[in-house]
Amino acid sequence: MFKSWLSAFIHLIYPHNCEGCGTDIVNDKSFLCTKCLYQLPKTGFIANGNNPIEKKLYGRIKIEHAGAGFYFSKDGLLQHLVTQLKYKNNKEMGLYLGRLLGHQLQATHRFDGVEVLIPLPLNDKKLSKRGYNQAELICKGIASVWNKPIITDSVIRLIDTATQTNKSLTDRWDNMEGAFAIADTSKVEGKHVALIDDIITTCASIESCGQELLKIKGVKLSVVSVGFTT
Ligand SMILES: [Zn+2]
């Protein structure tokens, strides 16, 4: 009784609004009202093999499965949510997006063989600037609904590839070589790992990091992201 009164009171002082349409929402763990959540563009292909991400990776890296939860478009609702996560210090948003993705992963049984989640790492400089790895928060959200352990110390990032946006695509590809390195193999040896990222675009970082993980004995690799854009 007191608890529900208290939460109603807190809600009155700190109203919680939908990030999509601004309407007042009662569930403070959600960032979208039911209507906006419904409008978030699901890819629908997380349940299907031979989807656009798997096609992109085909012939470049050996993967078991790949998928993404939603389409990401410039100025779209998902971009707004991801901006909150990456540039507005909204860590709860990472958990929220992770939960949405986790429900999709749980619903399709295609990824059931996955044993551990590995967030795509940031390099030290980027990590200390942002204060957190958004992909790790997404993993925590996923794990809260789809119970899998998260491993963060198996692979590290040496080079920040995102700062190279003014370079040509070919240059960026070349620079990807050696961007990641294996740190500790003990927790992932012989495991099926899912490498998790926020948005997949070119797959360059995923491929580079994935290649390092595949050097570990017995590792099988799947790739999953919240958003996908061509
Ligand atoms: Zn809304």
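Read-outs throughout are calculated quantities, based only on the coordinates presented, and are distinct from any laboratory measurement. Quick caveat, the model's predicted, so the values are computed rather than measured. We place every Cβ from the backbone using ideal geometry, glycine too, and count neighbours over all the protein chains shown.
General observations
- Fraction of C-alpha pairs exceeding 26 angstrom in region 1-116: 34 percent, rounded to a whole number.
- For the chain, calculated [θ]222 nm from helices alone, where every DSSP H run of n ≥ 4 adds -39500 (n - 2.57): -11500 deg cm²/dmol
- The mean sequence distance of close C-alpha pairs (under 8 Å, at least 6 residues apart), as a share of the length of the chain, puts its relative contact order at 21 percent.
- Förster radius 25 Å - calculated FRET efficiency between residue 5 and residue 132, Cβ distance, rounded to 0.05: 0.15
- Around the Cα centre of the chain, unit charges on the Cβ atoms of Lys, Arg, Asp and Glu (plus for the first two, minus for the last two) sum to a dipole of about 120 debye.
- Amide proton proximity set for residue 155, modelled H, under 5 Å, gap of 5+: 183, 184
- At 1.306 mPa s and 10 °C, Stokes diffusion of the chain via Kirkwood alpha-carbon radius, µm² per second: 86
- Lone cysteines, the chain (no partner Cβ under 4.7 Å): 21, 36, 139, 203, 209
- Ranked by the mean number of other Cβ atoms within 10 Å of their residues, highest first, the peptides 42-55, 199-212 come out as 199-212, 42-55.
- In this simple spin-label approximation, residue 215 and residue 108 carry label points 7 Å from Cα along the Cα→Cβ vector, and these lie 3.0 nm apart.
- At R0 = 30 Å, FRET efficiency that the Cβ-Cβ distance of residue 115 and residue 58 yields, to 0.05: 0.80
- Net charge, residue 67 excluded, C-beta distance under 10 Å - Lys, Arg +1, Asp, Glu -1: 0
- For the residue pairs 29/88; 62/217; 42/220, alpha carbon separations beyond 24 Å are given by 42/220.
- Label-point separation in nm, residue 144 to residue 80, each point 7 Å along Cα→Cβ: 2.1
- Across region 62-71, rounded Karplus estimates of 3J(HN,Hα) from the backbone phi angles (6.51 cos²θ - 1.76 cosθ + 1.60, θ = phi - 60°) give 7, 10, 7, 9, 9, x, 9, x, 9, 7 Hz, Gly and Pro being marked x.
- Between 32, 118, 178, the Cα set farthest toward the positive side of the dipole of the chain (charges on each charged residue's Cβ, about the Cα centre) is that of 32.
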